[in-house]
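Q: What follows is a structure written as structure tokens; I'll ask about it next.
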Amino acid sequence: MHDLTEILIKQYRGLINLELKNLNKINIFVGPNNCGKTSILEAISLGIPYSRSNNKNLLDVLISRYHGVNLEAFQSIFPLETPKKNEINVLLTLNETVEKSIETKITSKENMNIDNLGRSSNLFNLNFMYTTYIKKTENDIISKNDLVSLELKENENGYSVSWKKQNTNKNKIIIPYSYLSFSRFDIAERLLDNIDVLLEKNQRKDLIEALQIFDNSIKNFEVIGKNRIIKLFSTKFDKPLSLYDYGNGMYKAFFIITATLLSKNGILLIDEIEAGIHTKALTRFMTKLLSVCKINNVQLFMTTHSLEAIDTILYDCQYDNCIDDIAIYHIKNTEKKTDVKRYNGEKMKRLRDNIGFDVR
């Protein structure tokens, strides 16, 4: 189990020294556009140590914003107006038997590559230094370092990306997690990759049960043919229909629930969770999602602009004492910094009941 209790984003994009304390099982980030909600999810994603199961983390972050990987996208993740413009720095604190913190520093270096024919191309390196601090006693702190390098190389087809393990310790912390953004749902290849992993873990039944919140006639699914089309089997129809036949809402539900199941005992990050989900289906979807997270011990971080989504979590959760698992963070930019105000679930519910408070 790897629950985060505190996050300090020292430097990432426009976020400088942003502290998020007393994190809970369900963490909701709200606030006006361009206040940094999405950047918080991205910073958490980049702060989680590299492993084989999450080596596409950075690419997911870039694709969700820029719909592709290129040099400009890599450069954009670094802060603009700080003394260390080529460094990202995130500190994650974990709730375990022994207190542990993970500090991630990402630095960049850009070079010009010349091949044997004298042709030039861009070469961009990101170095990820993960330092794990294990605090046994007040004066007894052990630190371990992992160093991983990512190389972005320009070629005739655009860019190629490769990871290089430079130094890793055998006892590093592995945190299962998924990062999802509403603008990334059109990437069918990642969904198929996730389904393949899910099937290897024998979680077909869990996924089918989750899909039934949208249509209780769904009995099974298969990935069919050379083009690997996802087909749903339903008691309503004589033949299976493709996932696209069911509409965008079902496609997104399939994607989100698959990622949730793969984040067991870890972290799920969802940007604009309500996007593409019909209002009438939102309550059913959210309650099922929270139940799946509870069963699989997943710590949820999400952004939303939807008051309906917040109310669903506050009033319609299906498991006992869910209100105690909720923390809502209102993010707001001022001239010099990003401010954050925390509300626990019980206080937010009282404010909604008494004055109809709109935290957004």
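Q: Out of all the residues in region 1-20, which are of a type in the set (Lys, Arg) and over 11 Å from Ala43 (Cα atoms)? Before the answer, list the steps.
A: We begin by selecting, within region 1-20, every residue of a type in the set (Lys, Arg); these are 10, 13.
Answer for region 1-20, where residues must be of a type in the set (Lys, Arg) and over 11 Å from Ala43 (Cα atoms): there is none.
Q: Given Glu335, Glu274, which one is in contact with a His (Cβ under 8 Å, 6 or more places away or on another chain) and either free of Cβ contacts under 8 Å to residues at least 40 places away in the same chain or surrounded by fewer than 22 Cβ atoms within 10 Å (Cβ to Cβ) (or both)?
A: Values: Glu335 fails: in contact with a His (Cβ under 8 Å, 6 or more places away or on another chain).
Every option except Glu274 fails the conditions.
Q: If Lys280 meets every condition in (1) more than 11 Å from the chain's Cα centre (by Cα); (2) of a type in the set (D, E, K, R); (3) crowded, with 18+ Cβ neighbours inside 10 Å apart from one, which number is that one?
A: Tallying (1) more than 11 Å from the chain's Cα centre (by Cα); (2) of a type in the set (D, E, K, R); (3) crowded, with 18+ Cβ neighbours inside 10 Å, Lys280 fails exactly one: (3).
Q: Answer yes or no as to whether Tyr179 is surrounded by 15 or more Cβ atoms within 10 Å (Cβ to Cβ), under 15 Å from Leu58 (Cβ atoms) and at pLDDT below 85.
A: On the way: surrounded by 15 or more Cβ atoms within 10 Å (Cβ to Cβ): yes; under 15 Å from Leu58 (Cβ atoms): yes; at pLDDT below 85: no.
When the stated conditions are applied, Tyr179 does not pass them.
Q: Further question on the same structure: Out of (1) in a helix (DSSP H, G or I); (2) touching a strand residue (DSSP E or B) at 6+ places or on another chain (Cβ under 7 Å); (3) acidic (Asp, Glu), what's the single condition that is false for Asp353?
A: (2)
Q: Quick check: anything in region 314-324 in contact with a helix residue (DSSP H, G or I) (Cβ under 7 Å, 6 or more places away or on another chain), at pLDDT 90 or above, not β-branched (Val, Ile, Thr) and not in a helix (DSSP H, G or I)?
A: No, there is no match, as no residue in region 314-324 is in contact with a helix residue (DSSP H, G or I) (Cβ under 7 Å, 6 or more places away or on another chain), at pLDDT 90 or above, not β-branched (Val, Ile, Thr) and not in a helix (DSSP H, G or I).
Q: Among the listed residues Lys236, Lys219, which satisfies the condition of being closer than 19 Å to Ala281 by Cβ and either free of Cβ contacts under 8 Å to residues at least 24 places away in the same chain or of a type in the set (A, V, I, L, M, F, W, C) (or both)? First the steps, then the outcome.
A: On the way: Lys219 fails: closer than 19 Å to Ala281 by Cβ.
Only one candidate passes the filter, namely Lys236.
Q: Could you say which residue among Ile213, Ile230, Ile273 is in contact with a helix residue (DSSP H, G or I) (Cβ under 9 Å, 6 or more places away or on another chain) and either more than 26 Å from Thr303 (Cα to Cα) or of a type in the set (Gly, Ala, Ser) (or both)?
A: Working: Ile213 fails: either more than 26 Å from Thr303 (Cα to Cα) or of a type in the set (Gly, Ala, Ser) (or both); Ile273 fails: either more than 26 Å from Thr303 (Cα to Cα) or of a type in the set (Gly, Ala, Ser) (or both).
Being in contact with a helix residue (DSSP H, G or I) (Cβ under 9 Å, 6 or more places away or on another chain) and either more than 26 Å from Thr303 (Cα to Cα) or of a type in the set (Gly, Ala, Ser) (or both) holds for just one of Ile213, Ile230, Ile273, which is Ile230.
Q: Cβ-Cβ below 6 Å, separation at least six or inter-chain, first residue in region 299-315 and among the aliphatic types (A, V, I, L, M), second part of a helix (DSSP H, G or I) and surrounded by fewer than 24 Cβ atoms within 10 Å (Cβ to Cβ): which pairs?
A: Listed pairs, sorted by first residue: Leu300/Cys293; Leu314/Lys349.
Q: Consider only pairs whose beta carbons are under 6 Å apart and that are at least six residues apart or on different chains; among these, list those whose first residue lies in region 20-38 and is under 14 Å from Ile310 (Cβ atoms) and whose second residue is in a loop (DSSP other than H, G, I, E, B).
A: From region 20-38, the pairs are Val30/Val359; Val30/Arg360; Lys37/Gly31.
Q: While we're on this one: Name the residue that is surrounded by the most Cβ atoms within 10 Å (Cβ to Cβ), counting only residues in region 318-327 that are within 22 Å of the chain's Cα centre (by Cα) and closer than 14 Å to Met286 by Cβ. Write out each step before concluding.
A: First, pick out the residues of region 318-327 that are within 22 Å of the chain's Cα centre (by Cα): 322, 325-327.
Now drop any that are not closer than 14 Å to Met286 by Cβ, which leaves 322, 325-326.
Working: Cys322: 20, Asp325: 20, Ile326: 24.
Only one residue fits best here, namely Ile326.
Q: Identify all residues within region 132-150 that are farther than 18 Å from His2 by Cβ, at pLDDT below 80 and of a type outside the set (A, V, I, L, M); write none if there are none.
A: Passing the criteria: Lys136, Thr137, Glu138, Asn139, Asp140, Ser143.
Q: May I ask you to say which residue of Asn265, Asn297 is under 15 Å from the mean Cα position of the chain (by Cα), at positive phi and surrounded by fewer than 16 Cβ atoms within 10 Å (Cβ to Cβ)?
A: Details: Asn297 fails: under 15 Å from the mean Cα position of the chain (by Cα).
Result: Asn265 is the single residue among Asn265, Asn297 that is under 15 Å from the mean Cα position of the chain (by Cα), at positive phi and surrounded by fewer than 16 Cβ atoms within 10 Å (Cβ to Cβ).
The values are calculated or read from the model by the stated rules, or taken from the named source; none is laboratory data. The structure displayed is predicted, hence computed values, not measured ones. Here the Cβ is made from the backbone with ideal geometry for all residues, glycine too, and neighbour counts use every protein chain on show.
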